[in-house]
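Any read-out appearing in this document is the output of simple, stated calculations on the displayed coordinates, not a laboratory observation. Bear in mind that the values here come from a model prediction, so they are computed numbers and not experimental data. Here Cβ is always computed from backbone atoms with ideal geometry, including for glycine, and neighbour counts include all displayed protein chains.
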Amino acid sequence: MFYKSKFFQSFFLLLFLSSLLLFACSKQEETAVMIPLQSHAGEVHLSDFKNQLILLSFGYTHCPDVCPATLLHVSQALNLLSIAERKKVQAIFFSVDPQRDTPELLNKYVQYFHNDMIAVNAEGLNYSRFLKAFNIESQQLSDDPNYEISHTSYLFLLGDDAKVLDIMGHETAAKFIAEAIRKHLKD
Amino acid sequence: MKKPCFIILVLMLSVLPSLSVYAGDLVIEEAWVRMPPPVAETAAAYMTLTNKGDKLIMVESIDSEAAAKVEFHQMSMSNGMMHMAEMKDVRLDAGESLVFKAGSNHLMMIDLKDTLKAGDKVSLQLTTKDGSKYQIHAAVRDMRVQKHEHHH
Ligand SMILES: [Cu+2]
């Protein structure tokens, strides 16, 4: 009898732990859309953009070549869309450099490329959780005040609940970005 | 010297550097600067360096009055991750060209002194190990304005 109850104890413990694990894992996936991000207009979450696709890019304002080129392609892609199509897409630039890129600065930065773009940052745990959610790596290269950051430079097209619909390289031309958006707008 | 002669001489001297950046065996062409967004403190510059001589050329330094520092940067991608690193040795064998272009290796102008606007001319000075100096004039280009991709 003793043996049996011990068995059941372990069995229920295991059941409890595995359900906890399941819960924790599914929770972690949900958090990408719930992570508080800072924009110049206040806190935003990916979940705020209901019924819109999100075109998410990563970079920082001290990046002189790849980041402006990517945002240029994104802005050209938005311009290739009709006004009605454009309303169904939100382009978001996430800064991998919250230390230097304040929300105000970021806003001015993206406005240079397109009026419909927004830029966000996040700090501490929210920062690392957000990067982890999209498997983005970022690495500050020195302690020099003019430090650079190596970072994953993919463009993500996200659907409901930040579901990844498409991943594009940073060099993707505007018309292919626009095509990818159109394809998913139809679905 | 008579005044008109002096003016003509000054004009000639001011035109001279933009006509040619040739001062030795190193030829520098297609130099331009990507217009940075207003808040950016860095800008990328691009150019092609060609060694037209028959001896190795080593670049000692490059600087500009427009920025606190100018560096040659190597850009590389691995697993979707973009790395930039300063090129410690910029060297060209006889006949060799080094291309610094958008989305690739570039020059990084760090800590810009003023806002750079489209059409501005940025001067850079490149010095080689043998002491030759090259004056480079790079026009600032607004990449949002593209000739071949019109849409309204
Ligand atoms: Cu660089």
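Label the stretch B:41-104 by shape, choosing from rounded, prolate and oblate, from the square roots a ≥ b ≥ c of the eigenvalues of the Cα gyration tensor; if a/c is under 1.5 it is rounded, and otherwise prolate applies when a/b is larger than b/c, oblate when it is not.
Verdict is oblate for the stretch B:41-104.
Among rounded, prolate and oblate, which fits the stretch B:18-139 when a ≥ b ≥ c are the square roots of the eigenvalues of its C-alpha gyration tensor, a/c under 1.5 means rounded, and a/b larger than b/c means prolate?
oblate
Set the Förster distance to 30 Å, then compute FRET efficiency between B:Asp114 and A:Glu179 from the Cβ-Cβ distance, nearest 0.05.
0.15
Any idea what the dipole of the stretch A:31-186 comes to, in debye rounded to 20, about its Cα centre with Lys/Arg Cβ at +1 and Asp/Glu Cβ at -1?
That gives a dipole near 760 debye.
Assigning unit charges at the beta carbon (Lys, Arg +1; Asp, Glu -1) and nothing else, what dipole magnitude in debye, to the nearest 20, does the stretch B:18-139 show about its Cα centre?
Taking the Cα centre of the stretch B:18-139 as origin, the dipole is about 160 debye.
Can you give the average number of partner chain beta-carbon atoms within 10 Å of each beta-carbon in peptide A:139-145, as a whole number?
The mean count of partner-chain Cβ atoms within 10 Å per residue comes to 1.
Whole angstrom only: what separates the Cα centroid of the stretch B:52-98 from the Cα centroid of the stretch A:118-146?
Between the Cα centre of the stretch B:52-98 and that of the stretch A:118-146, the gap is 28 Å.
Evaluate peptide B:96-104: per residue, the Cβ atoms of other protein chains within 10 Å of its Cβ; return the mean as an integer.
The mean count of partner-chain Cβ atoms within 10 Å per residue comes to 2.
Residues in the stretch A:144-187, backbone N under 11 Å from the label point at A:Gln99 (7 Å along the Cα-to-beta-carbon vector): list them, ranges by number please.
So the set is A:144-149.
Filter A:Lys132/A:Lys175; A:Lys163/B:Lys117; B:Lys113/B:Lys133; A:Lys50/A:Lys132; A:Lys50/A:Lys108 down to the pairs with a C-alpha to C-alpha distance above 31 Å, please.
Distance filter (> 31 Å) returns A:Lys163/B:Lys117.
Quick one: what do you get for the stretch A:31-186 if you divide its Cα Rg by 2.2 N^0.38 Å?
In units of the globular-protein estimate, the stretch A:31-186 measures up at 0.96.
For A:115-128, what's the mean count of beta carbons from other chains sitting within 10 Å of each residue's beta carbon?
So the per-residue partner count for this stretch is 0.
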